[in-house]
Every structure is written in structure tokens, then in C-alpha cells.
2 protein chains.
Amino acid sequence: MQPGDDPRARRGPGGVTLRDVAERAGVSLATASRVLNGSSRVVGPDLAARVGRAAAELRYAANGPAQALARATTNVAGLVVHEVDDPYFASIAAGAMRVATEHGLLTMMASTSRDAGREVEYVHRFQAQRVRAVLLAGSGRVGDGEELGRALADFADGGGRVALVSEHDLPFDTVLPANRRGAAAVARLLRDLGHREVGVLAGPGELRTVADRLAGFLDAWEQLGGDRSEPVVVEADFSRAGGHAATLSLLARAPQVTAVFALNDLMAVGALSALQADLGRRVPDDVSVVGFDDLWFTGDLQPALTTVRLPLEEMGARAMELVLSPAPADPRRVPVPAELLVRGSTGPARRPGT
Amino acid sequence: MQPGDDPRARRGPGGVTLRDVAERAGVSLATASRVLNGSSRVVGPDLAARVGRAAAELRYAANGPAQALARATTNVAGLVVHEVDDPYFASIAAGAMRVATEHGLLTMMASTSRDAGREVEYVHRFQAQRVRAVLLAGSGRVGDGEELGRALADFADGGGRVALVSEHDLPFDTVLPANRRGAAAVARLLRDLGHREVGVLAGPGELRTVADRLAGFLDAWEQLGGDRSEPVVVEADFSRAGGHAATLSLLARAPQVTAVFALNDLMAVGALSALQADLGRRVPDDVSVVGFDDLWFTGDLQPALTTVRLPLEEMGARAMELVLSPAPADPRRVPVPAELLVRGSTGPARRPGT
DNA sequence: ATGGTGATGGTAAGCGCTTTCCAGCCGCGC
DNA sequence: GCGCGGCTGGAAAGCGCTTACCATCACCAT
């Protein structure tokens, strides 16, 4: 190949185009397109070979946006999470991306920093990018924003597919973890261990996940009867730092609690730290601690954290599968079970007066 | 607005187009384009208002691929990591995405499952998508693949920007953590604590990160002189499971070691677990453990992990900044310091015979 | 022989947007 | 009073690709 006849030499904007390949192979654009990018039409083996060779020689790389424009669809899925570096979302994202990849899709990811407004904004941007599907992995908000609903409906109207992870009050396919039942199981565990005075570390009340877990726990606690007192609920950030702070204020307000239920594992880690390092309490001898989610490292904490396991990776995968399957007439809801994992951070209630 | 004159009614392929907006506003396509999507050209205030109103009424959403085609560039950056749910990469990704967002870019993310071949594949796919920039966050491999180099060079030739995180043997802007110096600091610490027999838990030797940290440690250990014996190096997966397994085999092979240096925190977590839970050793009384990276939860382990801190979020951010700044004549290398964090998992060497 | 039937290749009309020209118009200075 | 430069708006030529639709041609049945 002479330097002169390399179309890449005149690399103006983009590089080698399909036309260059077609010319070099001595075929029409249509033929080149048919062989290089899957088509239902068959091309004769000799021409096909010529085109293939030409493409390789020129190092042709198809222009995605151009294909997207012509085909009116792309091969990318959009994923919206709260924070990429929150292990909860990281696991969900891993599952979702795995499935996307299996289907030949690329994944566009956006993190909202837990800001509802940016959720809407990203849905719009993804729509503009003409992604095939959008996955909202964050928890919904109580009475989810009009705006989010409109944005998603718009996107769906245009043929886009939508799926949600966690309850959202929105009419789209949803992967639904058993937040209430999981929390209820925690209530039963603590009751069985003889705890009477317990505290709950809650995230922002507007999050559906928080509301559901809290309600599940409180309802069960009440229905279990007996002479237990009402749980003290402290609200803070749904993070390690939030859990740390909330634990300090909980123990100040209600020093008599013998068990702390953190509504997610991140808060539980903060609680463990506050209890053991700051407050000098032994876990579980003085205070039991329970988390929720079963992030991957919870078994490595000391003591190992009793928590409610959610199959996060699988949840992400299921959601992506939903979104890649044909649109159903009515929104589907895929329940995901939660499993109580009893480990070292819980024990019998400290006997009063000891 | 009558139902009949809503162009969305004839929603064939895509929805509302710029032409619909232009018609409704009674202006030309050019004008509509100028007001809706930033242009250097000024449009009269009245027309601009008309267009804006029309766009809002029709809920116009620009077609990204079409814009990309016409402009010959996109607003997306590509990010390749080994695993999204590995906290090391999650933190880097968070930093990178933050900066991308600040610059109005969307992020496309791909995870290779530590498979070098898929790294190349993703670079190609990103190139096809005409992303503005590609960030490779995984560690390089010793004598990095020809193929990767070609793919990246191709992309860069076409005007794309490339940046790497960690050493890669490739001529592109790189954010360079002080792996060798950090590891050397660990050697000094262990020497100072009186350790003579130490083990190293290494990841796959072909990873540059592993090679650098290992060399840094070994060189320093040797140069420190004295009567210390040569470290026993065990290679395994660069993960928690790998660390666990490697620790078991290390202690079987060299029961006399009084300190274990894991080349990353994930392996250190596995080591802690193997040592304490499986082998019944006390840390740091029987064996000291050191990690590398300072993942966010290492302070919450029991004992808190002594490790080398790397500012992961910032590294991701820096890399994205590099890639969004104009291409330099020669590849830049941005050094990032590593800081030894001495915490509870290290202590004086057990006295021989006690 | 001859019209019919598939296969295969080519032609050309877009996909929705940006951007270069070009035309019209204003106000200005000489 | 008239030509000229500065502005604003529109027409139209693409950006690189897909995909009807059409033209051939070989081959078969009649």
C-alpha cells in the first residue's frame, strides 16, 4: 500500500469511512455496508472477502453515531445510580453491566450524588443519546417526582425501555427487594434475643427504601407484642458517616438501648465504629448491631455483621434483563427475597442491671 | 395546541425533530439550531423566544447521534476498568465521572473482568462511538500488548484523547501512583518493628502495579541491610479470595513469618480473615499485616489496617482532567504520592521463642 | 425458446443536525 | 444620496451510514 493511496492520509474530521473501504474493494457502499455490519442480505463470498480485506487494511472503524442515526437506535444502555463508589450501587451496576455486555450493549453510567434533580436531568440526557434502555438503580422517593415520571414516560413513549431497582411509585418494570419482610425478620430476631429497648438508624425518610425497611421493622416490632418499648429512630445520611453520627446521638438520647438496627450496612459500619471505638461498648455483649444489604465485606468486620442479604449483583442483572426484553403490556414487578444472616454482631440482650 | 398539530402524533421513528420545532416557530432550521444548541451566531431575541417556546411545547429533545454526526464529535468519555465493583476502581471511577460531569460529559463505562483482550475490544468500541476521550484505569501489563498500543494509537490519531491510571509502558498521559516508594516505606516500617521473616501476598505478576510494588518492597528490604531473611512471595488473585488463599499457603510454607505485606487491601482483608478466623493467629501480636491502597473501609477493620494510602478518587479526577485538556506534545506523567498509614494491624515482631 | 423466480449488486433517498455561504437590511461616512 | 460594512436569517450541502427499490443475471419450468 503506497502512502498516497491511504485514505487516512486525508484524515480530515473522522478517519476512514465506509466509502473508502468500498472504493478500495471496488464495490458499492451498499455492499460494503452489508458485509461489514450485519444485514439480512447475503453478499457473494468473493466480494465479501474483498471488502473484509479492504476494511482490515484500512483499519476501518464504523462510525457509531452515523449508524445510530441511520438505524434510529443505538447499542447503549443507560444506568443511573446514586454513587458509583457506594458498594451497594457498585454491585448492582456490576450485574447490570454484565448482562448488558452479554447482549452486546455498551453502558453509559451516571451518578446523581443523591440529588433528585439530576436524576431527571440524566434521563433527559440519556434520551437525547437515544439509548435503548434506562435503568434507575437508586431508591425511589416517596411520592416520586412528577418530573421524573414525565421524563421516563416521554422516553418510553419514544420506544425506550425503562426498569427500576427498588420501589418507585412509577409504572415501569421493577425489581423489588423484600425490604419490609427483611426488616420484619430483624425485628423477630431481636425479639427472640430478648431485646426490649432498641434503636433504629434510618436514612433520609423520603427514600422509599428507608421508608419500607423502617415500616417493616416497626410494624413487626409492634405486632410481636410483649412489653418491649417503642424503638428510638434516628435519621441521618444513608452512609457510614451518617451511621456514625446517628449512633452517637442515639446513644446519648437513649443510653439504655441494647440493640441497634441500621437500615443499611454502610450505616451499620459507622455504628460499629462509634460503638466500639468512640463509646467503648462491646458488640454484641453490650449492644447488638444489625445491618441490611450484606455488602461483600460485612463478614470481615469484627464482629461479623448480622445483616439482611440482598442479591445485589443479581438484582442489577435482572433489571437489565427486564429492560432488554420486549415491553410488556403492564409493568412487571420482580420480587427478590431478602435473607437474614445471623452472625457475630448480635447476641442476647444484656440483662438489666448487669 | 390542537391534538392534530402535534408532530408527536406522527411519531414514526424518533419523535419531535428540530424541523418540527422550526416549523412551529415559523423559522428556518438553521435558526432553530442556533438558538437551541449553542452557536457562535446570535439570533434576534424575538425569534429566539419563539423557538424556545416551540421547543418547550413540543418537548423537543435533540438527537445526540445526529449532532455527533454533524459535529464530528460527541460529549462522552469512555472509562475502562477491571471491575466496577472493586472498590479500588469504583473510587477511581467516581473521581473520573465527577470531573467528566463538571465538563458536561457523559461517561461510558466498561469492565474487562481483568481480561486484556476485552480491554482492546472496548477501546475499539469506544472509538467506534467516537467518544472524546478514553481512560484506562486498570493496571498495565508488563510489556503491554502490542494490540492495546495499536488500538490506542489509532484512537489518538483520529483526534481522541487518552489517559492512563498506573504505569502502562504506553506513550500517553499517565497518572502515576508512587507504588515503589509506598512499598519501600512498608519495608522500612517492618524493619523498624524488628521483623525478620516476612511474607508478601502478590497479585498476578504480569500486572505492572504488582511488579512495581513488589520490586519497591524487595529492593528496599534488601538495601536496608541487616540479618533479615529474604521475603517469601506468594502469588494469587488480586482479590480478597486470592489474599485468603495466599495467606493459607504462605503460612503453611513459612510458618515463621511475623509479618505479611499484601500488595493491595483486598488481599489484606483476605489475609486478616485467614489469619484470625482460619489460623487463629492474633494480629498484630502474632503476625502483622499491611495492605496497600487504603480503601475506604480499612479503618473499620479489626484491627484497623496499616496500609499505604493512595488518593484514588483524586487519581481518577486527575486522569480525566488530563484527558480533557489539550493534547500535549509529549505524554505527561503526573506523579501521585503514596502515604504510609500506620494503624493497628502492625506491631513489633514477636520475639523469637515466645 | 421464453417468461418467471430468486439471488446478488448498485442507486439513491433519507436519518436529524450543523454550518457555510449568500441575501437582505440597517446605519454610517463622504 | 449612495456605496459599504456589520448583522441577522435562510437555503442547502453535507456528516457516514442503512435500506428500500431497481436492474441484472443465471437458471428453471413450461
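A few notes on this one:
- Given charges at Cβ of Lys, Arg, Asp, Glu: the protein assembly as shown dipole, positive-most of B:Ser288, A:Leu324, B:Gly226: A:Leu324
- Residues along the range A:116-137 losing 40 Å² or more of accessible surface when the other protein chains are present rather than the chain by itself (probe 1.4 Å): A:Arg125, A:Ala128, A:Gln129, A:Arg130
- Using alpha-carbon coordinates, inclination of helix B:208-223 to the longest axis of chain B, degrees: 30
- Cα-centre dipole for chain B with unit charges at Cβ (Lys and Arg positive, Asp and Glu negative), debye to 20: 1020
- For chain A, the longest principal axis of the C-alpha atoms and the axis of helix A:146-157 are separated by about 30°.
- Inter-copy label distances at B:Arg309, using a point 7 Å along Cα-to-Cβ, come to 3.5 nm with the shortest given first.
- In the range A:7-70, a dipole from Cβ-located charges (positive for Lys and Arg, negative for Asp and Glu) runs towards its positive end, and of A:Gly15, A:Ala55, A:Leu36 it is A:Gly15 whose Cα lies farthest in that direction.
- Expressed as a whole percent, the accessible surface of the range B:227-354 that belongs to carbon and sulfur atoms is 51, based on a 1.4 Å probe.
- Net dipole in debye of the range B:279-354 [+1 Lys, Arg Cβ; -1 Asp, Glu Cβ; about Cα centre; nearest 20]: 380
- Rel. contact order, % - alpha carbon contacts under 8 angstrom, at least six apart, chain B: 16
- Modelled spin-label separation between A:Leu279 and B:Ala70, with each label point placed 7 Å from Cα along the Cα-to-Cβ direction: 6.1 nm.
- Accessible surface computed residue by residue for the protein assembly as shown, with neighbouring protein chains in place and a 1.4 Å probe, gives 40 Å² per residue.
- Buried between A and B is an accessible area of approximately 4700 Å², summed over both sides with a 1.4 Å probe.
- Remark: the protein assembly as shown carries a charge dipole of roughly 1240 debye about the Cα centre, counting +1 on each Lys and Arg Cβ and -1 on each Asp and Glu Cβ.
- Entry note, chain A: the mean residue ellipticity at 222 nm calculated from DSSP H runs of n ≥ 4, each adding -39500 (n - 2.57), is -12500 deg cm²/dmol after division by the residues and rounding to the nearest 500.
- Nearest chain B C-beta to the B/A rotation axis, reported as residue and distance in angstrom, is B:Gln302, 2.
- Comparing mean-square fluctuations of B:Arg130, B:Arg281, B:Arg309 from a GNM of chain B with C-alpha springs under 10 Å, the top value falls on B:Arg281.
- Environment charge at A:Asp86 (Cβ cut-off 11 Å; Lys +1, Arg +1, Asp -1, Glu -1): -3
- Listed residues B:Asn179, B:Asn264, B:Asn37, most fluctuating in chain B (Gaussian network, C-alpha, under 10 Å): B:Asn37
- The range B:24-129, accessible surface, carbon-and-sulfur percent (1.4 angstrom probe): 51
- Helix A:87-102 and the longest principal axis of the Cα set of chain A meet at an angle near 30°.
- With a simple spin-label model that places each label point 7 Å from the Cα along the Cα-to-Cβ direction, the separation between A:Asp286 and B:Glu147 comes to 5.7 nm.
- Other-copy label distances relative to B:Glu339, 7 angstrom Cα-Cβ extension, nm: 4.1
- Candidates A:Arg59, A:Arg132, A:Arg333: whichever shows maximal mean-square fluctuation once chain A is modelled as a Gaussian network with Cα springs under 10 Å: A:Arg59
- Rounded Å value of the spacing that divides the Cα centres of the range B:81-133 and the range B:178-230: 31
- With K and R counted +1 and D and E -1, the other residues having a Cβ less than 12 Å from that of B:Asp173 yield a net charge of +2.
- Under 15 Å, Cβ to Cβ, from B:Pro45 - net charge with Lys/Arg +1 and Asp/Glu -1: +3
- For B:106-115, mean number of other protein chain Cβ atoms within 10 Å: 5
- When B:Asp227 is represented by a point 7 angstrom out along its Cα-to-C-beta vector, the spacings to that point in the other copies are 6.8 nm, nearest first.
- Close amide H pairs (under 5 Å, H built 1.01 Å from N) link B:Leu207 with B:Val142, residues at least 5 positions away or on another chain.
- For the range A:179-311, with +1 on Lys and Arg beta carbons and -1 on Asp and Glu, the positive-most of A:Ala202, A:Ala185, A:Ala259 along the dipole: A:Ala185
- Interface burial in the range A:288-302, defined as at least 10 Å² less accessible area with all protein chains than with the chain alone at a 1.4 Å probe, covers A:Trp296, A:Phe297, A:Asp300, A:Leu301, A:Gln302.
The values are calculated or read from the model by the stated rules, or taken from the named source; none is laboratory data. If you're wondering where the values come from, they're calculated on a predicted model, not measured in any experiment. For neighbour counting, all protein chains shown are included, and Cβ atoms are generated from backbone atoms with ideal geometry for every residue, glycine included. With ligands, DNA and RNA removed, areas are computed over all heavy atoms of the protein, side chains included. Shrake-Rupley method; radii C 1.70, N 1.55, O 1.52, S 1.80 Å.
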